[in-house]
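Here is the structure we will look at.
The values are calculated or read from the model by the stated rules, or taken from the named source; none is laboratory data. Just so you know, these numbers come straight off a predicted model, no measurement behind them. Cβ placement follows ideal geometry from the backbone for every residue including glycine, while neighbour counts extend to all protein chains displayed.
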Amino acid sequence: MGSLKKRAVLLTILAVLILAGITSTLMLSSSYETDEEAVNAFLPPDSTYLEEDGMIVFETEEAKTGFIFYPGGGVEYSAYIPLLYCLAEEGIFCAIVQMPFNLAVFDINAADRVLEKYPYIEEWYIGGHSLGGAMSADYLEGKGDFSGLILLGAYSASDLSDKDVEVLTLYGSEDKVLNIEKYEANRQNLPADYREVIIEGGCHAYFGMYGAQKGDGTPVISNEEQIVFTAEQITRFIKETC
């Protein structure tokens, strides 16, 4: 086979692989849409937030502490509005960043645009759900201006064990999506004094409002209960460590 023909074959194979990758990514990115009916039922009628520049922002009066949130893989970012609303009600500035194709791996540095736009926040926390949590930990590894990391149904593959940062991890007792073996193996990447909360009856999907997730366990608490409990734990953690 001539060199030109070989090159043509290789280019064809590469094009097919790229197309397959793009197709699978787009399929994954639209897997879990926000349950708008559930979100609207959760929020009070007078609730407000900003949706602009690829982020959803809950501004609170005179807030000095902020939390940047990375959504789970394949999950529409607005699904986490109820959780961040609860935190904002406690006086915490909150921002959910939108990810390309709903996958945080494509924009690990998304937090930068929040920091640039809201320089008046004095103390920052970052975290996320599932893949979003893992990517927020990756982001934090190279940054020094954060007080804490919050992982929901997630673990850090980046070594943060010697980093001066507070860490909180939460996962549901019925979570069947989180790889618990990898979670256990990656504990060593966290500071020795990290905090862990297991949500009894909670599942992987119930940190947001996007319905059931494939492969997840069966929860024995409601979506609303898990969100409220999670918000209480995060609020306590931030207030005790900021």
For residues in segment 213-231 being exposed (fewer than 14 other Cβ atoms within 10 Å of the Cβ) and either outside any loop (DSSP other than H, G, I, E, B) or not basic (Lys, Arg) (or both), which is farthest from the chain's Cα centre (by Cα)?
Val220
If you check Cys242, Cys203, which single one turns out to be at pLDDT below 95 and hydrophobic (A, V, I, L, M, F, W, C)?
Cys242
Could you list, in sequence order, all residues of segment 75-96 that are outside any helix (DSSP H, G or I) and small (Gly, Ala, Ser)?
Gly91, Ala95
What tally of residues in segment 144-198 results from selecting those that are part of a loop (DSSP other than H, G, I, E, B), in contact with a strand residue (DSSP E or B) (Cβ under 8 Å, 6 or more places away or on another chain) and not acidic (Asp, Glu)?
13
Show the residue pairs that are 6+ apart or on different chains and have beta-carbon atoms under 7 Å apart, the first residue being within segment 135-152 and closer than 18 Å to Ile92 by Cα and in contact (Cβ under 8 Å) with a residue 12 or more places away in the chain, the second being of a type in the set (Phe, Trp, Tyr) and not in a helix (DSSP H, G or I).
Asp145/Trp124; Phe146/Trp124; Phe146/Tyr125; Ser147/Trp124; Ser147/Tyr125; Gly148/Tyr125; Ile150/Tyr125
Selection status of Ser156, out of contact with any Phe, Trp or Tyr (no Cβ under 8 Å at 6 or more places or on another chain), buried (at least 23 other Cβ atoms within 10 Å of the Cβ) and not hydrophobic (A, V, I, L, M, F, W, C)
yes
Here is a check on your reading of the model: is Lys182 modelled with pLDDT under 95, charged (D, E, K, R) and at negative phi?
no
Any chance segment 202-212 includes a residue that's within 24 Å of Ala88 (Cα to Cα), in contact with a Ser or Thr (Cβ under 7 Å, 6 or more places away or on another chain), touching a residue at least 12 places away in the same chain (Cβ under 8 Å) and not in a loop (DSSP other than H, G, I, E, B)?
yes
Could you check, for segment 163-178, whether at least one of its residues is touching a Pro at 6+ places or on another chain (Cβ under 8 Å), of a type in the set (A, V, I, L, M, F, W, C) and on the phi < 0 side of the Ramachandran plot?
yes
Could you check, for segment 170-187, whether at least one of its residues is farther than 25 Å from Gly66 by Cβ, hydroxyl-bearing (Ser, Thr, Tyr) and surrounded by fewer than 20 Cβ atoms within 10 Å (Cβ to Cβ)?
yes
Considering only residues that are touching a residue at least 60 places away in the same chain (Cβ under 8 Å) and under 16 Å from the mean Cα position of the chain (by Cα), look in segment 114-130 and name the one that is nearest to Gly91 (Cα to Cα).
Tyr125
I'm checking my understanding of the structure. Among residues of segment 34-74 that are modelled with pLDDT of 95 or more, assigned to a loop (DSSP other than H, G, I, E, B) and not small (Gly, Ala, Ser), which one is surrounded by the fewest Cβ atoms within 10 Å (Cβ to Cβ)?
Leu43
